[in-house]
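A.B. asks: The structure that follows is given in the form of structure tokens.
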Amino acid sequence: MRINERVIQLNDRPVNTDARYVLYWMQMYKRVDNNHALIYAIRRANELKLPLVVYEGLKYYYPWASDRLHMFILEGVEEKRLEFERLGIRYVFYLQKEADSPKNTVAALAKDAALIVTDDFPCFVIPEHNRRIAERAEIPVFAVDSNGIIPMSKFDKEEYAAYTIRPKINKLLDRYLKPMPYETIDTPSFGLEVDCPETVVTTDNIMSLVAACGIDHSVSPSEVYHGGTIEGRKRLKKFVEEILPDYDKARSKPDRDGSSRLSSYLHFGYLSPLEIALAVRDADAPQESIDAYLEELIVRRELSFNMTRFNDKYDSLDALPAWVQKTMREHADDERTHLYSLEQLENGKTHDELWNAAQREMVATGEMHNYVRMLWGKNVIAWSPSYEVAFETLVHLNNKYCLDGRNPNSYCGILWCFGKHDRAWFERPVFGLIRYMASGSTGKKFDSKKYIEWTKTL
Ligand SMILES: Cc1cc2nc3c(=O)[nH]c(=O)nc-3n(C[C@H](O)[C@H](O)[C@H](O)COP(=O)(O)OP(=O)(O)OC[C@H]3O[C@@H](n4cnc5c(N)ncnc54)[C@H](O)[C@@H]3O)c2cc1C
């Protein structure tokens, strides 16, 4: 049942009138500011004259769980604890390390809650989490959309491409691109007893906490990107002051620090797109750069969220339009000039130095520059025995190594390599009418030698 443009009620249960608190289960919007779910939870708690408990859990068994992803999440915990303390809100963080650790923590917390508020993130494991808690809980569960500038509910179907969603976004932008109101809790809950195990995270124990988890220890933490809103804001400040003025040109140069590099902070919800968009809109920078950035942050990003919200096949080639399906059928048996196994690709052992460099950047840092990311995806299509294998390989590598993976943009970016949200180009082997990108010509558009050498130092 829809409550308002950002809130849906996922089940039809009565509020627990004997409750001790309202529960906000923070899954994806790991921030205190500009968080519509937190604001909704505070409002409901104030209405019911109850305190608010914010719960954030981290389990060991979600797909691609690794030292890299765990570290990035744990690095943001201590600052949230301090922020919530300041706000008078009880914040509970629990790290479920392995199979023997206590589980079903949300269900246990729900027993003393009047209602549950959680995040309406339309991708990866979150929709299933929300479906399950709504089924199991005996109290109302509300999912709140704080993903983008424009609420996802403002679109009623899957948009075909950027050119169809852009005018709709532009019409609504003035209404939504403005600072959000702050809400404060009337009944402080600091020190409230809760039936839930808790993990204390400090800078001193993060490494040992990560080491104790039953996760993939082969993907090491990023030395370049560190989790948390404070880190995200540091990068945002540098971007707005030093990089944005030249963004419209420098963003396609992987050899330069020319884009925001904020996608991981957006993915984990450390920064809201609204905070970034307002900082960019009001920056002292040429209008072309501001417009180019807002096109990526709002139009392209929200097109991805629209796709995963409305297309339940987003994790497969079935999400592609009819013209792509036809051209893939026609070219499925075309000879591939090079074929590489997952292992060769993962280890960056192809004949193509630029591709290997992009792979190296991703494995070492946890991000890959957008310009080479397109080329990276296109080449995996060229070097795989089938389109299906190429898709699986791309999803696996992107989601395993990239901090910003497992996001609507991940699936959309990968499907874009197969023609999603694009138009038909010219017939060529393997790709058919899907746009092709060659390393030779792409590498001439920036100092590819410098980029390749840089990735060797990582
Ligand atoms: C094969 C492939 C895989 C991709 N996987 C991911 C992914 O896992 N996670 C991810 O966030 N992005 C992904 N993208 C999109 C894009 O590459 C990244 O968003 C971008 O590189 C992030 O770097 P940045 O923050 O410096 O971007 P900037 O150029 O500074 O852009 C600002 C923000 O706009 C958004 N954005 C930028 N480009 C795109 C785009 N093409 N589509 C949608 N949103 C965009 C991002 O949120 C980004 O942080 C993928 C693209 C391709 C081709």
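The values are calculated or read from the model by the stated rules, or taken from the named source; none is laboratory data. Computed from a prediction, not measured in an experiment: that's the story for all the values here. Cβ coordinates were reconstructed from backbone atoms using ideal geometry, including for glycine residues, and neighbour counts include every protein chain displayed. What goes into the accessible areas is simple: the full protein's heavy atoms, side chains included, and nothing from ligands, DNA or RNA. Shrake-Rupley method; radii C 1.70, N 1.55, O 1.52, S 1.80 Å.
A.B. asks: Does any residue of segment 338-360 turn out to be open to solvent by 10 Å² or more (accessible area, probe 1.4 Å), out of contact with any strand residue (DSSP E or B) (no Cβ under 9 Å at 6 or more places or on another chain) and of a type in the set (Val, Ile, Thr)?
C.D. replies: yes
A.B. asks: Additional query: Run down Asp284, Asp255 and say which single residue is touching a Ser or Thr at 6+ places or on another chain (Cβ under 9 Å) and either outside the structural domain of Glu75 (by TED's automatic domain parsing) or within 23 Å of Ala358 (Cα to Cα) (or both).
C.D. replies: Result of the check over Asp284, Asp255: Asp255.
A.B. asks: Still on this model: If you check Asp333 against the conditions, is it free of Cβ contacts under 8 Å to residues at least 24 places away in the same chain and more than 17 Å from Arg261 (Cα to Cα)?
C.D. replies: Numbers: free of Cβ contacts under 8 Å to residues at least 24 places away in the same chain: yes; more than 17 Å from Arg261 (Cα to Cα): yes.
Criteria met by Asp333.
A.B. asks: May I ask you to verify whether Glu223 is modelled with pLDDT under 95, of a type outside the set (A, V, I, L, M, F, W, C) and farther than 26 Å from Tyr24 by Cα?
C.D. replies: Against the criterion (modelled with pLDDT under 95, of a type outside the set (A, V, I, L, M, F, W, C) and farther than 26 Å from Tyr24 by Cα), Glu223 qualifies.
A.B. asks: Among the residues of segment 172-182, is any closer than 27 Å to Val32 by Cβ, touching an Asp or Glu at 6+ places or on another chain (Cβ under 9 Å) and crowded, with 18+ Cβ neighbours inside 10 Å?
C.D. replies: Scanning segment 172-182, I find no residue that is closer than 27 Å to Val32 by Cβ, touching an Asp or Glu at 6+ places or on another chain (Cβ under 9 Å) and crowded, with 18+ Cβ neighbours inside 10 Å, so the answer is no.
A.B. asks: One residue is enough: does segment 211-219 have a residue meeting the conditions more than 30 Å from Asn347 (Cβ to Cβ) and either aliphatic (A, V, I, L, M) or in the same structural domain as Tyr40 (by TED's automatic domain parsing) (or both)?
C.D. replies: Within segment 211-219 (the criterion being more than 30 Å from Asn347 (Cβ to Cβ) and either aliphatic (A, V, I, L, M) or in the same structural domain as Tyr40 (by TED's automatic domain parsing) (or both)), the answer is no, since none of the residues qualifies.
A.B. asks: Hey, another quick one. Which of the helices (runs of 4 or more DSSP H) found entirely inside segment 54-118 contain at least 1 residues meeting this: over 19 Å from Val194 (Cα atoms), open to solvent by 10 Å² or more (accessible area, probe 1.4 Å) and at pLDDT 95 or above?
C.D. replies: The qualifying helices (runs of 4 or more DSSP H) are 67-74, 77-87.
A.B. asks: Output the helices (runs of 4 or more DSSP H) that fall wholly within segment 251-325 and possess 1 or more residues being open to solvent by 30 Å² or more (accessible area, probe 1.4 Å), away from the ligand (no atom under 13 Å from the Cβ) and farther than 30 Å from Leu74 by Cα, or say none.
C.D. replies: 273-281, 287-294, 301-310
A.B. asks: Also, quick follow-up: Select from segment 383-441 the residues that are among the hydroxyl-bearing types (Ser, Thr, Tyr) and near the ligand (Cβ under 9 Å from one of its atoms) and write down the one among them that is surrounded by the fewest Cβ atoms within 10 Å (Cβ to Cβ).
C.D. replies: Ser410
A.B. asks: For segment 339-382, enumerate the residues that are basic (Lys, Arg) and either within 11 Å of the ligand (Cβ to nearest atom) or outside the structural domain of Gly443 (by TED's automatic domain parsing) (or both).
C.D. replies: Arg373, Lys378
A.B. asks: A follow-up question, please. Could you figure out which of (1) part of a loop (DSSP other than H, G, I, E, B); (2) within 30 Å of Tyr401 (Cβ to Cβ); (3) out of contact with any helix residue (DSSP H, G or I) (no Cβ under 8 Å at 6 or more places or on another chain) isn't true of Val32?
C.D. replies: Going through the list (1) part of a loop (DSSP other than H, G, I, E, B); (2) within 30 Å of Tyr401 (Cβ to Cβ); (3) out of contact with any helix residue (DSSP H, G or I) (no Cβ under 8 Å at 6 or more places or on another chain), Val32 breaks only (3).
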